[in-house]
Amino acid sequence: MKKFLTSFIVSTMILLVTGCTGSKKVAYFQNIDQVSLASSRGLFDAKIMPKDMLTITVNTTDPAAAAPFNLSVSNTVGTSGQLSSGGGSLQGYLVDNTGKINFPVIGQVHVAGMTKTQCQDLIREKIAPYMAERENPIVTVRMSSYRVTVTGEVNSPGVIPVTTEKMSVIEALAQAGDLSIYGRRDNVLLIREDATGEKSYHRLNLNDANLINSPFYYLQQNDILYVEPNGVKAKNSGIGSSTTIWFSFIGIVTSVASLLVNILRN
């Protein structure tokens with residue numbers, strides 16, 4: 001009986017140590033109490049990138065003065081196949097590979113790398129000479145939704161649309177169903193492409209609360225998040241499901257047999 005009790009105590013201690021080690025690897029932002037978040041203060045503004053689709057409207061006290069700067073689709077195809085006129089909707093401006101858009105009257109404008117506010121100020125400045133001082137044009141820029149990709153050891157990998165112009169790493173992972181138990185929290189790979197087309201990669205540690213202060217906490221257009229499998233998943237990748245079941249069954253039988261032998265001996 002003494003041997004059985006000793007075996008039980010040792011097994012329990014091993015399980016407790018394993019459980020503590022596992023929780024340290026799984027929990028996010030473990031050192032949040034020791035990290036200052038002062039450097040993360042401020043609102044995030046998405047930057048305009050090549051291939052973004054922008055909607056730009058110009059409004060003034062005189063609608064006729066603003067009309068040349070608002071491209072609209074006024075012709076629509078009816079159910080009979082005939083063209084019909086109407087108010088239509090505003091056309092989008094596709095940012096080309098050089099970071100420019102072709103704006104009415106003023107021509108090409110370089111907007112890549114700017115925030116919406118900076119783009120609005122630039123266009124307002126460029127159209128001002130074409131209007132009377134009293135017009136005081138109001139320029140509004142909106143970005144169409146973009147997308148990020150989350151793949152690897154997450155529960156629902158896929159391409160995620162960003163409609164609010166702002167998505168953090170944690171939000172994207174939550175949209176993907178969070179990491180599976182086999183995903184490495186301390187080494188998430190971020191692949192990013194800048195406005196010139198140059199790609200870079202960055203390693204993110206979800207266990208460390210300093211991630212919130214990181215310049216990579218918020219995602220940009222076309223970012224890719226890849227969650228690596230941990231050692232357990234990597235070692236088991238070549239083992240089929242049937243083999244795993246057999247190993248589990250053999251392990252259970254062996255444990256029960258050992259327990260019975262210890263009881264009978266005492």
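The values are calculated or read from the model by the stated rules, or taken from the named source; none is laboratory data. Here the structure is a predicted model, which means the values were calculated and not measured. With ideal geometry, Cβ positions are generated from the backbone for all residues, glycine too; neighbour counts draw on all protein chains shown. Remember, those area values only see protein heavy atoms, side chains included, never the ligands or the DNA or RNA. Shrake-Rupley method; radii C 1.70, N 1.55, O 1.52, S 1.80 Å.
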Original post:
Does the stretch 226-238 include one or more residues that are at pLDDT 95 or above, closer than 20 Å to D178 by Cβ and of a type in the set (A, V, I, L, M)?
Top reply: yes
**OP:** Answer with yes or no whether Q30 is open to solvent by 70 Å² or more (accessible area, probe 1.4 Å), of a type in the set (S, T, N, Q), more than 19 Å from S144 (Cα to Cα) and at pLDDT below 90.
**Re:** no
